[in-house]
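Below is one structure, written out as structure tokens; comments come after it.
The values are calculated or read from the model by the stated rules, or taken from the named source; none is laboratory data. Note that this is a predicted model, so its numbers are computed, not measured. A quick note on method: Cβ atoms are made from the backbone with ideal geometry, for glycine too, and the neighbour counts reach across all protein chains shown. Calculation scope for accessible area: heavy atoms of the full protein, side chains included, ligands and nucleic acids excluded. Shrake-Rupley method; radii C 1.70, N 1.55, O 1.52, S 1.80 Å.
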Amino acid sequence: MNKETVDKSQLRIGLFIHLDLPWMSHPFVTSSFKIRTQKQLDALRSLGIEQVRIDPARSDAPSSAADPPPDPPQTPTDSSRDDPSAALWEEKQQRIRVLKERRTRLNQCAKRYTQSVGSARKLMANLRASPIQAAEEAQDLVVGMVEDLTEDQETTVQLVNLKHQDENSYFHAINVIALALVIGQKLNLERAQLRQLGLGALFHDLGHQKIPYQVLHKKGELTRPERLLYEQHTRYGAEIARGIGSLPPSVVEIIAKHHEHQDGSGFPEGLRAADIGLLTRIVTVVNRYDNLCNGLGAERGLSPHQAISRMYSRERTCYDPKVLTTFITNLGVFPPGTVVRLNDERIALVISLNPTDLLKPNVLIYSPDIPKEESLVLNLAEEDVGIRKSLCQSDLSEEQVEYLNLSDKLSYYFQSSPSAKSR
């Protein structure tokens with residue numbers, strides 16, 4: 001971007017400026033912005049700096065008719081009477097407080113997520129020796145997740161980045177439960193159905209126990225014999241599930257058919273829509289999504305945005321249209337966890353959706369001049385900037401990965417709003 005330097009007396013509403021100051025040395029939420037109000041203009045002139053860099057290309061043309069009117073006069077408070085930036089400082093401090101509250105909730109989310117993964121690991125280990133007890137523990141795990149989701153209608157999926165790299169099957173199972181339950185709730189399933197959906201999501205890859213490690217964890221493409229062997233995991237899983245004896249038929253169906261497709265292109269039977277139940281159709285969509293982001297095969301490692309794009313543009317006929325549409329609507333065009341480059345070249349991490357505009361989510365900005373603990377969160381619907389493209393983690397520097405708290409594995413859990421009843 002080409003920038004010019006102007007004297008502070010030349011500042012006006014409509015100029016896009018860049019402040020060469022530490023973030024906590026000025027009252028503005030970001031160091032680069034367009035001057036929109038008289039309050040901002042007065043605060044800039046009170047900073048004690050003589051010159052400011054501007055970006056002419058992003059500034060409004062100098063026209064008094066185009067300038068917005070100054071802020072209406074307000075009754076001065078003790079602080080604002082002598083300091084025109086007092087209100088802006090308060091707004092900035094409020095932003096910092098909101099971010100800290102959000103971080104606290106996400107930390108609580110991460111703790112619950114870790115507990116759920118631990119529960120999944122324990123019950124899977126006990127499955128062969130004590131199948132009835134393991135099934136009861138599975139019921140408890142799923143019921144707890146359903147309650148987390150349904151206690152607050154504003155509950156959303158948030159992403160937490162956990163550094164564990166060695167328990168993919170347990171993380172994958174919890175991810176699929178979390179996403180499946182959100183979609184099930186949006187499709188107005190009853191609680192009993194949600195619990196069956198959660199159990200099916202938990203056990204959907206039960207048959208992996210009978211697939212050789214070297215096939216299941218192969219990094220490259222599977223050979224044809226390896227592929228045929230892998231495709232049998234759905235049958236193996238259904239056999240194990242029937243042997244437990246206490247799992248509902250709908251759960252066994254999810255295990256047996258979660259790789260079947262609406263258009264008959266799935267495996268192992270090549271079934272079509274009429275032979276696949278709704279709960280299975282939900283698990284099919286979210287399982288594919290998480291495998292594209294986090295899976296073990298050659299296709300793993302797509303960004304959330306790339307995974308959504310692939311499923312919609314190249315694989316749409318495989319999935320129930322209503323389920324896929326509900327899934328995309330609730331994860332957004334740029335799902336939480338997507339790293340993006342904004343139109344102004346800044347790097348950001350999508351942290352939550354904006355229901356009124358899926359192209360303008362809330363993002364956490366990579367700003368090396370701002371402390372990581374106070375990193376900036378912007379609602380792009382309120383900013384004069386959009387998303388240019390999504391990025392992969394490999395596009396980032398180590399410093400950016402650390403600042404945005406990324407890891408190789410994306411995990412999902414429920415984040416209740418602050419008003420939700422604490423458990």
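Observations
- Residue in region 166-173 that is assigned to a helix (DSSP H, G or I), in contact with a Phe, Trp or Tyr (Cβ under 7 Å, 6 or more places away or on another chain), at pLDDT 90 or above and crowded, with 23+ Cβ neighbours inside 10 Å present: no
- Residue in region 195-215 that is in contact (Cβ under 8 Å) with a residue 60 or more places away in the chain, closer than 12 Å to Thr280 by Cα and in a loop (DSSP other than H, G, I, E, B) present: yes
- Close pairs from region 104-118: first touching a residue at least 24 places away in the same chain (Cβ under 8 Å) and open to solvent by 20 Å² or more (accessible area, probe 1.4 Å), partner part of a helix (DSSP H, G or I) and not hydroxyl-bearing (Ser, Thr, Tyr), Cβ under 8 Å, at least 6 apart: Arg112/Asp148
- Note on region 174-195: residues that are of a type outside the set (Gly, Ala, Ser) and either within 19 Å of Lys122 (Cβ to Cβ) or open to solvent by 60 Å² or more (accessible area, probe 1.4 Å) (or both) total 10.
- Residue match in region 298-305 (condition: of a type outside the set (A, V, I, L, M), under 19 Å from Asp357 (Cβ atoms) and within 18 Å of the chain's Cα centre (by Cα)): yes
- Within region 290-298, the presence of a residue that is crowded, with 19+ Cβ neighbours inside 10 Å and at pLDDT 95 or above is excluded.
- Matching residues, region 392-409, being modelled with pLDDT of 90 or more and under 16 Å from the mean Cα position of the chain (by Cα): none
- Some residue of region 66-86 being under 33 Å from the mean Cα position of the chain (by Cα) and either open to solvent by 30 Å² or more (accessible area, probe 1.4 Å) or at pLDDT 90 or above (or both): no
- Among residues of region 243-281, those that are part of a helix (DSSP H, G or I), within 19 Å of Gly198 (Cβ to Cβ) and modelled with pLDDT under 95, counted: 1
- Any hit, region 205-212, residues being over 16 Å from His259 (Cβ atoms) and open to solvent by 90 Å² or more (accessible area, probe 1.4 Å): no
- Qualifying positions in region 119-135 - surrounded by fewer than 13 Cβ atoms within 10 Å (Cβ to Cβ) and in contact with a helix residue (DSSP H, G or I) (Cβ under 9 Å, 6 or more places away or on another chain): Ala125, Arg128, Ile132, Gln133
- Meets criteria (closer than 24 Å to Thr317 by Cα and basic (Lys, Arg)) for Arg227: yes
- Failed item in (1) in contact with a Gly (Cβ under 9 Å, 6 or more places away or on another chain); (2) among the β-branched types (Val, Ile, Thr); (3) surrounded by fewer than 20 Cβ atoms within 10 Å (Cβ to Cβ), with Ile244 passing the rest: (1)
- For region 40-47, the criterion of being closer than 21 Å to Ile370 by Cα, more than 37 Å from the chain's Cα centre (by Cα) and free of Cβ contacts under 8 Å to residues at least 60 places away in the same chain is satisfied by at least one residue.
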